[in-house]
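Quick one: the structure is below, questions incoming.
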Amino acid sequence: MKALIYGASGELAQSVAGAFAAKGWAVEGVLRGDAAAPAPLAAAHRVERRYSEFEPKILHDAYVFPQALFAREPLAQMSAEAIDDLVTVGLTEIIKCLRIVLAIPAEPDHRIDYCIIGSTSAYAGFRNTSVYCAVKHGLVGLVKALNDEYADTGRRFWLFSMGTMDTAMGRELVDQDPSSFLPPEDVAVRIVEAISSTSNLFEPEVIIRRRTIRFLER
């Protein structure tokens, strides 16, 4: 089994690569510039700026799209360029990458899993993160539409939406106790277990929330 992970140098992406490798999958990654390739990668593909520059020629059994930018700022204070960056990286680029890999020929009943990393922000709005929330809401519609479009095939589209993780992005929430953040290793195991299961069960929208959220005293 082969998996291709976009933005493979990210913290969650590295954990997902490790979880796949632990199950015996061959894992490839797409990285920008000279970003370090995590150890589990069997191959690393480089792009200059956008992940959609890479056009894989072979079919993989699973694709993972974790790329996103986060901004915590009132909308009225954001620049047009910052808004464009958030939407481009977190939504438009994922759509473009999907377009490319979906064009690779496959037998109609060949099972292929497309794993998109969302956020609980897709299901609730949070102050000062309006653009980020809008992007994550957009991924919900994307996954629903693609599952309908490919309903009679082996292609399955997943949206894993989790609460704040213990990553560099998560730690930007300086008003919260990071000990309550989700370990990316645990999230990665949940993702890979779902994708690699041979059961007929299919949960296209998986929400992984924090049971406890702790705020720091000021």
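Computed from the coordinates by the stated procedures, all read-outs in this text should not be read as laboratory data. Bear in mind the structure is a predicted one, so any value in this text is a computation, not a measurement. Neighbour counts run over all protein chains shown; Cβ positions are idealised from the backbone, glycine included.
From the helices alone, meaning DSSP H stretches of at least four residues, give me the mean residue ellipticity at 222 nm for the chain, per-run term -39500 (n - 2.57), in deg cm²/dmol to the nearest 500.
Here the helix-only value at 222 nm equals -9000 deg cm²/dmol.
Okay, next question. If amide H atoms are built 1.01 Å from N in the plane of the peptide, which residues on other chains or at least 5 residues away come under 5 Å of the amide H of residue 114?
Residues meeting the amide H criterion: 63, 156, 157, 158.
A follow-up question, please. Tell me the relative contact order for the chain as a rounded percent, counting alpha carbon contacts under 8 Å between residues six or more apart.
Value for the chain: 19 percent.
Expressed as an acute angle from 0 to 90° and rounded to the nearest 10, what is the orientation of the C-alpha long axis of helix 93-102 relative to the principal long axis of the chain?
Approximately 10 degrees, to the nearest ten.
If you don't mind, another one. Report, by chain and number, residues whose modeled amide H sits under 5 Å from the one on residue 162, excluding near sequence neighbours (fewer than 5 apart, same chain).
Under 5 Å from the amide H of residue 162 lie the amide H atoms of 118, 119, 120, 208, each far enough along the sequence or on another chain.
List, in order, the whole-Hz ³J(HN,Hα) value for each residue of the stretch 70-75 obtained from phi through the Karplus relation with A = 6.51, B = -1.76, C = 1.60 and θ = phi - 60°; use x for Gly and Pro.
Couplings: 10, 9, 10, 7, x, 4 Hz.
Something else now. Ordered by packing density, taken as the mean number of other Cβ atoms within 10 Å over each peptide's residues, highest first, how do 196-205, 150-159 rank?
Averaged packing, sorted descending, gives the order 150-159, 196-205.
Let me ask something else about it. Whole-Hz Karplus ³J(HN,Hα) for the stretch 195-204, in order, using 6.51 cos²θ - 1.76 cosθ + 1.60 and θ = phi - 60°, x for Gly and Pro?
The phi angles translate into 5, 8, 5, 8, 5, 7, 5, 9, 10, x Hz.
Peptides 54-63, 103-112: what's the order by average Cβ count within 10 Å, highest mean first?
54-63, 103-112
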